[in-house]
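Below is one structure; the comments refer to it alone.
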Amino acid sequence: MTLNATMIGNKIATARKNINLSQADLALKVSISPQAVGKWERGESMPDITTLNRLAEIFGVDLNYFSDSFQTIEKEIVTKVSKVDDGIFSKFKDNMGLNWNMSGENYMDADFSGIKNINGKLSGSSFKKCKLIEADLSDITFKGNSIKECDFVNAKLRNSRFYGSDIKFNSFVNASFIDALIDGSEVRNCDFSNANLSGIEISTSEFRNNKIENTNWQHASFKDTQFTEITFIGLMEDCSFSSCAFSKVIFKNATIKNSFFKYCDLKRVEFIDCHADKLSYEFLKNCKANLNGLRLLE
């Protein structure tokens, strides 16, 4: 059985999504970090043979699913079918508006509620005062976009990617950002109340004056990010903060469990009626946090 890191990563991602598991969910089942699952799926590393066997059990597939020969058979079948249907299906896609390319356009006061079938990459566009309520924007890569004063209530942004984007004054209430990535972007004055941000990665970005009440942060990862005027409320579990800066940041009635802090200056962070487990407490202390208002969990 020939193994290839990129091919295996693609197959892990496909099988995981087919059974509706997040990277964090899969990580729990095989006792690794969500970041390790992300590296598998990007082809940066490979699971060992024991873990592959475990993954095959979870996905309900044979171990040969991960091999080159399985892919070859798959391609032969697809090629035979596509020779007959490619032309017809291409016309059908054009006529029905599937796989729309919305890049390079300015959208103002548009109602795109419930939209789906957007092209996998959306770049260089401006969205202002648009409605994207219950839109399915999963697996889309947003690059260099301006997104302002838009309504994303109940939207699905699972596994979406935001690069170099300006994201301001938007409502993401009850939206799903499971396993999403925000990189090199500015996120300001947005409402993430009741949103699911489990497994999200935020890197080299600014996160300023956003509302995050009842937000799910489980397995969230933050790196080289500036937090300004943020109040963290509720449960912070299995989170990672690395090389982050904090200004006017408050943890209020927060419970911090199994979370990692490194190269973070927490001297000016305020803790109000918060609790932390021993491991998280020690990491916070090592980053010079003022531990007044923070108690150890029993």
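The values are calculated or read from the model by the stated rules, or taken from the named source; none is laboratory data. Source: prediction; values computed, not measured. Because the Cβ atoms are built from the backbone with ideal geometry, glycine has one as well, and the counts that use them run over all protein chains shown.
Take ALA155 and decide whether it is assigned by TED's automatic domain parsing to the domain that holds ILE230 and farther than 23 Å from PHE251 by Cα. Yes, satisfied. Residues satisfying the criterion are present in the range 249-265 (criterion: modelled with pLDDT under 95 and out of contact with any helix residue (DSSP H, G or I) (no Cβ under 6 Å at 6 or more places or on another chain)). Across the range 113-153, the number of residues qualifying as among the aliphatic types (A, V, I, L, M), farther than 13 Å from LYS168 by Cβ and not in a loop (DSSP other than H, G, I, E, B) comes to 2. Determine whether the range 245-265 contains at least one residue that is polar (S, T, N, Q), within 21 Å of PHE172 (Cβ to Cβ) and crowded, with 18+ Cβ neighbours inside 10 Å. The answer is no; no qualifying residue exists.
Just the residues that are closer than 23 Å to ALA27 by Cβ and among the acidic types (Asp, Glu), please, taken from the range 195-234. Once the filter is applied, which keeps residues that are closer than 23 Å to ALA27 by Cβ and among the acidic types (Asp, Glu), the range 195-234 yields GLU201, ASP224.
Residue-by-condition table, conditions (1) polar (S, T, N, Q); (2) under 17 Å from TYR163 (Cα atoms); (3) in contact with a helix residue (DSSP H, G or I) (Cβ under 9 Å, 6 or more places away or on another chain); (4) surrounded by fewer than 17 Cβ atoms within 10 Å (Cβ to Cβ):
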{"site": "ASP191", "(1), (2), (3), (4)": "no, no, no, no"}
{"site": "ALA195", "(1), (2), (3), (4)": "no, no, no, no"}
{"site": "ILE202", "(1), (2), (3), (4)": "no, yes, no, no"}
{"site": "ASN210", "(1), (2), (3), (4)": "yes, no, no, no"}
{"site": "GLN218", "(1), (2), (3), (4)": "yes, no, yes, no"}
{"site": "LYS223", "(1), (2), (3), (4)": "no, yes, no, no"}
{"site": "PHE227", "(1), (2), (3), (4)": "no, no, no, no"}
{"site": "ILE233", "(1), (2), (3), (4)": "no, no, no, no"}
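Restricting attention to the range 169-182 and to residues that are polar (S, T, N, Q) and in a loop (DSSP other than H, G, I, E, B), the residue that is nearest to GLN35 (Cα to Cα) turns out to be ASN174. With LYS257, LYS262, LYS267 as the choices, which residue is without any contact (Cβ under 8 Å) to a residue 24 or more places away in the chain, among the charged types (D, E, K, R) and assigned by TED's automatic domain parsing to the domain that holds PHE222? Going through LYS257, LYS262, LYS267 in turn, the sole match is LYS267. Only residues that are under 14 Å from the mean Cα position of the chain (by Cα) and of a type in the set (Lys, Arg) were counted in the range 8-41, giving 2.
For the range 24-60, a residue qualifies if it is in contact with a Lys or Arg (Cβ under 6 Å, 6 or more places away or on another chain) and closer than 16 Å to GLN218 by Cβ, and exactly one does: LEU26.
Where in the range 183-298 are there strands (runs of 3 or more DSSP E), lying wholly inside it, with at least 1 residues that are acidic (Asp, Glu) and under 30 Å from ASN145 (Cβ atoms)? Can you show your working first?
Details: elements: 186-188, 201-203, 206-208, 221-223, 226-237, 240-242, 245-257, 260-262, 270-272, 274-276, 294-296.
By residue number, 186-188, 201-203, 206-208, 226-237.
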